Amino acid sequence: MKKELIICLIVIILVIFGNAVTQKYTKQCISQIEDNLDKLKVELMKEEKNEEEIENKTSEVREKWDNMQKNLAYYIEHTELEKIETQLFLLTGETKVKLYQDAVPEIEKCISILEHIQDKTSLSIKNIF
């Protein structure tokens with residue numbers, strides 16, 4: 001009986017520890033991507049747009065997302081990650097054809113999806129029940 005109790009406690013501790021680590025990593029990734037998207041949005045909203053800077057910031061967001069997505073895919077639903085991938089694809093397309101005003105709503109959608117993922121993966125009563 002003691003052996004089973006100890007094993008159960010160890011499993012519970014490991015699950016809680018794993019959840020804390022993944023939540024921290026998720027928050028870190030999402031905040032980095034959101035910061036980069038906000039910087040890109042500011043650049044897109046300027047009166048005089050620097051096309052090279054917009055292209056650099058867009059590619060920086062894509063590169064960071066591609067690196068982070070590999071690790072996030074281990075524990076976040078792939079459909080959620082695909083939503084972000086789709087929004088970033090649309091954003092990249094809008095900036096390449098210089099439709100900067102159309103790119104701003106794509107950034108907002110992407111940030112909204114990122115916040116949804118963060119809420120969905122957090123350990124809260126709402127998510128447990």
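The values are calculated or read from the model by the stated rules, or taken from the named source; none is laboratory data. Just so we're clear, the structure is a prediction, and the values are computed from it rather than from any experiment. Here the Cβ positions follow ideal geometry from the backbone for every residue, glycine too, while neighbour counts run over all protein chains shown.
Every residue, every condition in (1) aromatic (F, W, Y); (2) over 12 Å from I30 (Cβ atoms), yes or no:
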residue: E48; (1), (2): no, yes
residue: Y74; (1), (2): yes, yes
residue: E94; (1), (2): no, yes
residue: P105; (1), (2): no, yes
residue: D119; (1), (2): no, no
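Looking only at residues in region 78-95 that are of a type outside the set (A, V, I, L, M, F, W, C) and touching a residue at least 24 places away in the same chain (Cβ under 8 Å), which one is farthest from I33 (Cα to Cα)?
Ranking the qualifying residues of region 78-95, first place goes to T95.
What's the total number of residues in region 117-129 that are assigned to a helix (DSSP H, G or I) and either loosely packed, with under 14 Cβ neighbours inside 10 Å or at pLDDT below 65 (or both)?
Total satisfying the criteria: 5.
Check region 96-103 and report whether any residue there is more than 18 Å from E34 (Cβ to Cβ), without any contact (Cβ under 8 Å) to a residue 60 or more places away in the chain, in contact with a Lys or Arg (Cβ under 8 Å, 6 or more places away or on another chain) and among the hydroxyl-bearing types (S, T, Y).
yes
Got at least one residue in region 45-64 being aliphatic (A, V, I, L, M), surrounded by 12 or more Cβ atoms within 10 Å (Cβ to Cβ), without any contact (Cβ under 8 Å) to a residue 24 or more places away in the chain and in contact with a helix residue (DSSP H, G or I) (Cβ under 7 Å, 6 or more places away or on another chain)?
No - not one qualifying residue is present in region 45-64.
For I30, indicate whether it is surrounded by 14 or more Cβ atoms within 10 Å (Cβ to Cβ), touching a Leu at 6+ places or on another chain (Cβ under 8 Å), closer than 23 Å to D119 by Cα and of a type in the set (V, I, T).
Answer is yes for this residue.
Only one of these is at pLDDT 90 or above, in contact with a Phe, Trp or Tyr (Cβ under 9 Å, 6 or more places away or on another chain) and not in a loop (DSSP other than H, G, I, E, B): N71, N67. Name it.
Numbers: N67 fails: in contact with a Phe, Trp or Tyr (Cβ under 9 Å, 6 or more places away or on another chain).
When all the criteria are applied, what remains is N71.
For I33, which of the numbered conditions (1) in a helix (DSSP H, G or I); (2) in contact with a helix residue (DSSP H, G or I) (Cβ under 9 Å, 6 or more places away or on another chain); (3) without any contact (Cβ under 8 Å) to a residue 12 or more places away in the chain fails to hold?
Only one criterion is unmet by I33, namely (3).
Got at least one residue in region 92-105 being under 11 Å from the mean Cα position of the chain (by Cα) and modelled with pLDDT of 90 or more?
No; the residues of region 92-105 include none that is under 11 Å from the mean Cα position of the chain (by Cα) and modelled with pLDDT of 90 or more.
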